[in-house]
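Asker: Mind looking over this structure? Questions follow.
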Amino acid sequence: MNIDTRIKFRHLLCFLEVAQQRSFAKAAHAVSVSQPAISKTLKELEDILEVRLFDRAKTGVVLTQSGQDFMRYAGPCVQALRDGVSSVRSGSVQGQVVRVGVLSTVESQVMPEVIQRLHARYAALTISVTTGMSAYLLNQLKVGELDVVVGRMTDSPEIQGLNFEHLYSESMTLVVRPGHPVLQDEKIDRQRLADYPLILPLSGTTIRQYAESFFVQCGIPLTQQRLETLSPALSRRYVLQSDAIWIAPLDAVQIDIQAKALMELSLGIQEPGGSIGLCRNSTVPLPLAGQWFCETLREVATELVAHRAAIHNH
């Protein structure tokens, strides 16, 4: 079946911008055109395809099933054309670029090691890292703005149509600053933990579900005084200068625990924090730099799993 020549590049750009922004007004602002122009261009595309691509919702606009199906191909198509133009204009393909999305709660331990090894092996390599919430990163992957996403397996609808490859599992733990009052007791009084501010992942996120499960198992009520964030930097700064208790993925605090910059509260319960892995858009071949990244990430993750097993066995 031949491609309908009525579909222009502007149609695809308009469609992808609305899909990313989830708003006609924001999409129009992003591409510096009027909102009526965006609406007209999108209507032309829907007429050509003979399907409805978006539905209106309370939070803006959402993709229909037909829109989700079309986005799986439109995003990579536009990105491939951009890459081709860039390659021709530069006259060189020596410099490789990989665009990676990483959840902020899984970036601190594995990613620096991966990047260090990649730069040691490849002289001309740019690693562009975007952090954010899972839904945002997966949406960027779908529309071709990212090559791969490293994060936690989620039940978010954005993961539909994408491939997830498990790398390792992570645990949740409680940490406080050195000298925290709860450390003065030989045995931690779990009920007393509710007397202090709590640092939790954002409500509605997958990792928040694991955090709440941890507290249920420990029989600790959730205090009303809490900070909710996915920022490890903010969480770390706040816990160090206060009596707050931070429930965190072990990956985010492991280095601080080893250096005794943060103290782990051992309650005799280990709560899994989910499956960490690679998420890819299978409708488009991974660029060479993306293949290098995935191979190195698998290598580092395998070593991490082996190291944890060795510690556990001892």
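The values are calculated or read from the model by the stated rules, or taken from the named source; none is laboratory data. Bear in mind the structure is a predicted one, so any value in this text is a computation, not a measurement. Here Cβ is always computed from backbone atoms with ideal geometry, including for glycine, and neighbour counts include all displayed protein chains.
Asker: I'm checking my understanding of the structure. Among residues of segment 195-205 that are in contact (Cβ under 8 Å) with a residue 40 or more places away in the chain and either surrounded by fewer than 19 Cβ atoms within 10 Å (Cβ to Cβ) or not assigned by TED's automatic domain parsing to the domain that holds residue 246 (or both), which one is farthest from residue 231 (Cα to Cα)?
Answerer: 196
Asker: Which of the numbered conditions does residue 230 fail, given that it passes all the others? Conditions: (1) part of a loop (DSSP other than H, G, I, E, B); (2) more than 28 Å from residue 98 (Cβ to Cβ); (3) under 18 Å from the mean Cα position of the chain (by Cα).
Answerer: Exception for residue 230: condition (2).
Asker: Identify, by number, the condition in (1) of a type in the set (A, V, I, L, M, F, W, C); (2) within 27 Å of residue 62 (Cα to Cα); (3) surrounded by 18 or more Cβ atoms within 10 Å (Cβ to Cβ); (4) modelled with pLDDT of 85 or more that residue 143 doesn't meet.
Answerer: (4)
Asker: Do we find a residue being under 24 Å from residue 154 (Cα atoms), hydrophobic (A, V, I, L, M, F, W, C), in the same structural domain as residue 190 (by TED's automatic domain parsing) and surrounded by fewer than 17 Cβ atoms within 10 Å (Cβ to Cβ) anywhere in segment 219-230?
Answerer: Checking segment 219-230: at least one residue is under 24 Å from residue 154 (Cα atoms), hydrophobic (A, V, I, L, M, F, W, C), in the same structural domain as residue 190 (by TED's automatic domain parsing) and surrounded by fewer than 17 Cβ atoms within 10 Å (Cβ to Cβ).
Asker: Does any residue of segment 187-204 turn out to be of a type in the set (Phe, Trp, Tyr), out of contact with any helix residue (DSSP H, G or I) (no Cβ under 6 Å at 6 or more places or on another chain) and part of a helix (DSSP H, G or I)?
Answerer: Within segment 187-204, none of the residues are of a type in the set (Phe, Trp, Tyr), out of contact with any helix residue (DSSP H, G or I) (no Cβ under 6 Å at 6 or more places or on another chain) and part of a helix (DSSP H, G or I).
Asker: Just for segment 251-263: of the residues that are in contact (Cβ under 8 Å) with a residue 12 or more places away in the chain and surrounded by fewer than 17 Cβ atoms within 10 Å (Cβ to Cβ), which one is nearest to residue 174 (Cα to Cα)?
Answerer: 257
Asker: What is the residue count in segment 164-182 for residues that are outside any loop (DSSP other than H, G, I, E, B) and either surrounded by 13 or more Cβ atoms within 10 Å (Cβ to Cβ) or of a type in the set (Lys, Arg) (or both)?
Answerer: The number of residues fulfilling the criteria is 13.
Asker: Another question about this same structure. Residue by residue through segment 191-213, note down the ones that are more than 22 Å from the chain's Cα centre (by Cα) and modelled with pLDDT of 80 or more.
Answerer: 192, 193, 194, 195, 196, 197, 198
Asker: Among residues belonging to segment 259-289 that are modelled with pLDDT of 90 or more and either part of a strand (DSSP E or B) or under 17 Å from the mean Cα position of the chain (by Cα) (or both), point out the one that is farthest from residue 163 (Cα to Cα).
Answerer: 263
Asker: For residue 105, are the conditions met, namely being surrounded by 16 or more Cβ atoms within 10 Å (Cβ to Cβ), within 19 Å of residue 166 (Cβ to Cβ) and touching a Pro at 6+ places or on another chain (Cβ under 7 Å)?
Answerer: yes
Asker: From the set of residues in segment 20-74 that are charged (D, E, K, R) and modelled with pLDDT under 85, which is farthest from residue 9 (Cα to Cα)?
Answerer: Filtering segment 20-74 for residues that are charged (D, E, K, R) and modelled with pLDDT under 85, the one farthest from residue 9 (Cα to Cα) comes out as 58.
Asker: Under 6 Å between Cβ atoms, at least 6 apart or on separate chains: pull out the pairs that start in segment 291-309 with a residue that is assigned by TED's automatic domain parsing to the domain that holds residue 125 and end on any residue that is modelled with pLDDT under 90 and part of a helix (DSSP H, G or I).
Answerer: 300/110
Asker: Among (1) touching a residue at least 60 places away in the same chain (Cβ under 8 Å); (2) part of a helix (DSSP H, G or I), where does residue 248 come up short?
Answerer: (2)
Asker: Among the candidates 111, 153, single out the residue that is touching a strand residue (DSSP E or B) at 6+ places or on another chain (Cβ under 7 Å) and modelled with pLDDT of 90 or more.
Answerer: Within the list 111, 153, the selection yields 111.
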